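Below: one structure, written as C-alpha cells.
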C-alpha cells in the first residue's frame, strides 16, 4: 500500500466506461460518453456525476463512491419510458453485480449497490426527451 492516498475518480469512471461499452438495445448501439459530443444522437449514456467520500483506516485508504449514469432518449413526438428501461436493464446486466466490479494492481472496486433511479421528462426543439438517472455506489480500496 502507498503511504499517500490517490484520487480514484478517473479509474472509477473508466471502470464504468469499459463495462458499458458495446451496449446494443433494440437493435441500436448505445454509446457511453464522459463528455457528450455536439453531434451525438440519442439514445446514449452519460457518465454524469461522481461523488467520493473518504473511508480511511490506519492500514488503508478507501472511498465510498457514487456514480450517476444518465440515459438519454429522444423521440420526435411523444415517447415512452420503455427504451430507457431497456437500456437500464442492459446497464444492470453489465454493472449491477455481487462480485467485485473492478480490480487492478492499484485499486479494488467492490460489488455494486443501486442507490436510486428516477426519470426526467422534457420537451425540446428536437422532440420529446426522456432521461433515466441511475445512481450506483461502490467501495473503492487503494491497494
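The values are calculated or read from the model by the stated rules, or taken from the named source; none is laboratory data. The shown structure was predicted, so the numbers you read here are calculated from the model rather than taken from an experiment. A quick note on method: Cβ atoms are made from the backbone with ideal geometry, for glycine too, and the neighbour counts reach across all protein chains shown.
Anything in the range 22-32 that is surrounded by 12 or more Cβ atoms within 10 Å (Cβ to Cβ), in contact with a helix residue (DSSP H, G or I) (Cβ under 9 Å, 6 or more places away or on another chain) and more than 17 Å from residue 127 (Cβ to Cβ)? List them, or say none.
Result: 23, 25, 30, 32.
Just name the residue that is surrounded by the most Cβ atoms within 10 Å (Cβ to Cβ) out of those in the range 74-112 that are assigned to a strand (DSSP E or B) and either at pLDDT below 95 or under 12 Å from the mean Cα position of the chain (by Cα) (or both).
So, considering only residues that are assigned to a strand (DSSP E or B) and either at pLDDT below 95 or under 12 Å from the mean Cα position of the chain (by Cα) (or both), the one surrounded by the most Cβ atoms within 10 Å (Cβ to Cβ) is 74.
Counting only residues that are in a loop (DSSP other than H, G, I, E, B) and in contact (Cβ under 8 Å) with a residue 40 or more places away in the chain, which one in the range 113-143 is farthest from residue 81 (Cα to Cα)?
Only one residue fits best here, namely 143.
So if I check each of 46, 71, which one is in contact with a helix residue (DSSP H, G or I) (Cβ under 8 Å, 6 or more places away or on another chain), in a strand (DSSP E or B), closer than 25 Å to residue 112 by Cα and modelled with pLDDT of 95 or more?
71
Being closer than 25 Å to residue 93 by Cβ and modelled with pLDDT under 95 narrows it down to one residue among 32, 41, 36; which is it? Before you say what the answer is, go through the steps one by one.
Numbers: 32 fails: modelled with pLDDT under 95; 36 fails: modelled with pLDDT under 95.
Result: 41 is the single residue among 32, 41, 36 that is closer than 25 Å to residue 93 by Cβ and modelled with pLDDT under 95.
Could you please find all residues in the range 116-143 being under 17 Å from residue 19 (Cβ atoms) and under 13 Å from the mean Cα position of the chain (by Cα)?
134, 135, 136, 137, 138 - these are the residues of the range 116-143 that are under 17 Å from residue 19 (Cβ atoms) and under 13 Å from the mean Cα position of the chain (by Cα).
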